[in-house]
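The values are calculated or read from the model by the stated rules, or taken from the named source; none is laboratory data. Everything numeric here is computed off the predicted structure, so don't read it as measured data. Quick reminder, even Gly has a Cβ in these numbers, built from the backbone with ideal geometry, and neighbours come from all protein chains shown.
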Amino acid sequence: MLHGKHILLGITGGIAAYKSAEIASRLRKLGAKISVVMTESATKFITPLTMRSISSGPVYTDMFAEPKTWNVEHIALAEAADLVLVAPASANTLAKMAFGLADNFLSTVLLAVQVPIFVAPAMNNAMYHHPATQENLKTLSERGIHIIGPDSGFQACGTEGVGRMSEPHVIVEEIENYFRSSAKSSVDLKGEKVLVTAGGTREMLDPVRYLGNLSSGKMGYAIARAFAEAGAEVTLVTAPTSLTPPPGVKTVQVVSAQEMQQEVLKLFDEQDIVIKAAAVADYRPAAFQEQKIKKTGQGLILELVQNPDILKSLGEKKTHQFIVGFAAETQNIIENGLAKMRKKKTDMLVVNDVTAEGAGFGSDTNIVSILFPDGQRMDLPQMSKLEVAKRLVQIITATRKKQQVRSD
Ligand code: CTP
């Protein structure tokens with residue numbers, strides 16, 4: 001699977017460094033050629049000799065060692081690789097990457113690299129949750145760096161929590177998936193601007209309570225990722241979720257339907273494709289209570305007012321944009337979907353029965369039907385949300401092309 005691929009494996013200091021040997025071994029068994037770059041602290045956890053023996057490739061530790069080739073070594077290494085994996089990636093190295101520091105061989109190579117970079121963070125739970133680390137991970141993700149994990153569980157420091165490096169087989173699978181999907185992806189959307197909305201909006205009642213829905217954001221995030229992988233310039237306007245934004249995607253965080261509408265309208269004119277996967281609340285409390293609502297011993301009636309229909313307003317405003325709506329239904333799926341598509345003037349509508357097993361909120365898979373304004377319909381079988389997203393990229397691109405030919 002990885003024959004002919006040259007992977008540069010960066011190892012930083014952390015107890016998880018012992019697992020890098022298994023990563024190198026798995027990559028090698030899949031046919032990859034491996035070069036290893038270790039930071040000085042990594043060499044305290046696992047020896048260069050171990051890594052050299054397992055990877056069968058060169059191991060670099062020192063910026064100023066006798067060169068192994070007559071090129072400028074950090075540049076030559078960066079150019080030769082098809083992919084760079086840093087596992088484990090310490091909080092320190094992630095911070096250096098975010099700030100562009102080049103104070104050792106690994107950080108210097110990382111600054112020169114122009115191929116995809118994957119990092120598998122590993123650190124103590126508190127270090128992982130520190131705002132500086134979170135900010136750095138966000139920066140790296142927006143810059144297109146793929147972040148694998150971390151997992152949660154028992155940590156070497158004796159605590160439980162998030163920060164354990166993902167298991168070697170998971171890391172290697174991510175890399176295999178990357179090469180597999182980039183070999184398959186025939187769609188090139190360079191230069192196209194795509195706006196995706198995701199997550200479920202929250203309508204605040206008082207400083208601590210809100211009306212919300214069960215949307216996990218997984219479908220929208222998968223769509224943003226699939227379009228970014230196809231080369232598009234993607235902006236994701238997202239209501240709160242627990243997900244990490246996909247690499248290379250510009251993310252705008254919102255909370256309520258009104259905020260989402262504001263951000264979407266600001267961005268709309270310059271977009272080529274807009275996909276509204278967000279679950280937008282139709283109603284919000286008529287008034288926001290500045291202080292926490294106290295119980296009175298009696299029932300409480302909330303007055304709600306209707307929110308703007310963002311998708312409908314885009315359908316009315318559209319010029320050249322290709323607009324895709326979503327519909328979450330629980331009955332009469334197709335009829336309700338068709339009616340929604342006409343009402344909101346979208347170019348396509350993706351419907352799913354959110355009560356079906358293997359579909360809808362929180363699930364990692366989905367079962368969708370795609371409806372078109374001319375009455376045509378395409379039913380996709382159950383597949384992962386990322387697979388659905390990739391199919392949508394292909395279907396949207398093909399439908400847009402047909403539309404453009406027709407209007408020429
Ligand atoms: N949508 C929107 N603004 C709203 C409500 C929905 O932009 N205020 C969008 C959603 O992002 C989705 C589509 O409209 O793309 C359909 O959402 P859905 O909740 O299924 O439909 P509603 O229009 O809200 O209709 P209903 O809840 O009555 O079925």
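Out of the residues in segment 85-100 that are outside any helix (DSSP H, G or I) and in contact with a Leu (Cβ under 8 Å, 6 or more places away or on another chain), which is nearest to K33 (Cα to Cα)? Before the answer, list the steps.
Step one: list which residues in segment 85-100 are outside any helix (DSSP H, G or I), which gives 85-90, 100.
Next, only the ones that are in contact with a Leu (Cβ under 8 Å, 6 or more places away or on another chain) stay: 85-87, 100.
Working: L85: 13, V86: 15, A87: 16, G100: 27 Å.
Taking the candidates together, the pick is L85.
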- Taking the stated definitions as given, is K390 touching a Phe, Trp or Tyr at 6+ places or on another chain (Cβ under 9 Å), away from the ligand (no atom under 11 Å from the Cβ), touching a residue at least 12 places away in the same chain (Cβ under 8 Å) and under 23 Å from V234 (Cβ atoms)? no
- Message: Suppose we filter segment 231-243 for residues that are buried (at least 24 other Cβ atoms within 10 Å of the Cβ) and in contact with an Asp or Glu (Cβ under 7 Å, 6 or more places away or on another chain); how many remain?
- Response: 2
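For segment 135-187: of the residues being in a loop (DSSP other than H, G, I, E, B) and of a type in the set (D, E, K, R), which is modelled with the highest pLDDT?
Quick first cut of segment 135-187, residues in a loop (DSSP other than H, G, I, E, B) only: 143-145, 148-150, 155-159, 165-167, 185-187.
Now drop any that are not of a type in the set (D, E, K, R), which leaves 143, 167.
Values: R143: 79, E167: 95.
That would be E167.
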- Take P247 and decide whether it is of a type outside the set (F, W, Y), under 19 Å from G217 (Cβ atoms) and touching a His at 6+ places or on another chain (Cβ under 6 Å). yes
- Scanning segment 323-356 for residues that are within 21 Å of E192 (Cα to Cα), part of a loop (DSSP other than H, G, I, E, B) and either within 12 Å of the ligand (Cβ to nearest atom) or more than 27 Å from the chain's Cα centre (by Cα) (or both) gives T346
- Message: Can you pull out every residue in segment 288-322 that is surrounded by 16 or more Cβ atoms within 10 Å (Cβ to Cβ), outside any loop (DSSP other than H, G, I, E, B) and within 9 Å of the ligand (Cβ to nearest atom)?
- Response: I310, L311, L314
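Suppose we keep only residues that are surrounded by 13 or more Cβ atoms within 10 Å (Cβ to Cβ) and not aliphatic (A, V, I, L, M) within segment 365-376. Which one would you say is farthest from G315 (Cα to Cα)?
That would be T365.
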